[in-house]
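Since every read-out is calculated from the coordinates, none of them should be taken as a lab result. Note that the coordinates shown come from a computational prediction; the quantities given were computed from them, not determined experimentally. As a convention, Cβ positions derive from the backbone with ideal geometry for all residues, glycine included, and neighbour counts pool all protein chains shown.
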Amino acid sequence: MRLRMELFVDDLDASVAFYVEALGFVVERRSPGYVSVRRGDVVLGLGPVSGLPALGDDGPGFSQERLAGRVRGLGVEIVFEVRDRAELRLLYEHCANAQVVVEELRERPWGLADFRVGDPDGYYIRITHT
């Protein structure tokens, strides 16, 4: 099994720029209304909220109505793991220079270091090492 996450975003181009320029993803596939980005084994699908149905039905799916005015990914922490502390430090410095760092790089009590960023839609991302 593999994991691919799909994130619904307000501005597709801004989200693609964030993941490519700040976090080092590459565009794997682009079609009207959908972009797939990859970094290593991590694949994110990005689609515009405007492409969702306007109103939700009784099912669990997303709609523009269900996402209106809400923090995206509420209650979910997306965790990206890089190879080692050296790669983590380089990515942190890159993000800091791009002014996207939400939280400083820190050593955690559980023995790992990490930093946290928010993407343009407020998805909460923690970047750590293995």
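Angle, helix 85-97 long axis vs. longest principal axis of the chain, Cα atoms, 0 to 90°, nearest 10? Roughly 60 degrees between the two axes. Contact order for the stretch 4-129, expressed relative to its length and based on alpha carbon pairs under 8 Å spaced 6+ residues apart, stands at 22 percent.
Which label marks the calculated value of volume of the Cα convex hull per residue in Å³, given the options (i) 107; (ii) 147; (iii) 131? Label (iii) holds the value from this structure.
Quick one: TYR123, TYR92, fewest Cβ neighbours within 10 Å first, how do they rank?
Least crowded to most crowded, the residues run TYR92, TYR123.
For the options PHE62, PHE115, PHE25, a Gaussian network treatment of the chain with springs between C-alpha atoms closer than 10 Å singles out PHE62 as fluctuating the most.
Residues SER36, SER15, SER31, SER50 in ascending order of nearby Cβ atoms (within 10 Å, fewest first): SER31, SER50, SER36, SER15. Among ASP13, ASP114, the ranking by other beta carbons within 10 Å of each residue's beta carbon, starting with the fewest, stands as ASP13, ASP114. A Förster radius of 25 Å, combined with the Cβ-Cβ distance separating GLU6 from GLU77, puts the computed FRET efficiency at roughly 0.90. If you take the beta carbon distance between GLU28 and ASP84 as r and set R0 to 22 Å, what does 1/(1 + (r/R0)^6) give as a FRET efficiency, to the nearest 0.05? Efficiency computed from Cβ-Cβ geometry: 0.35.
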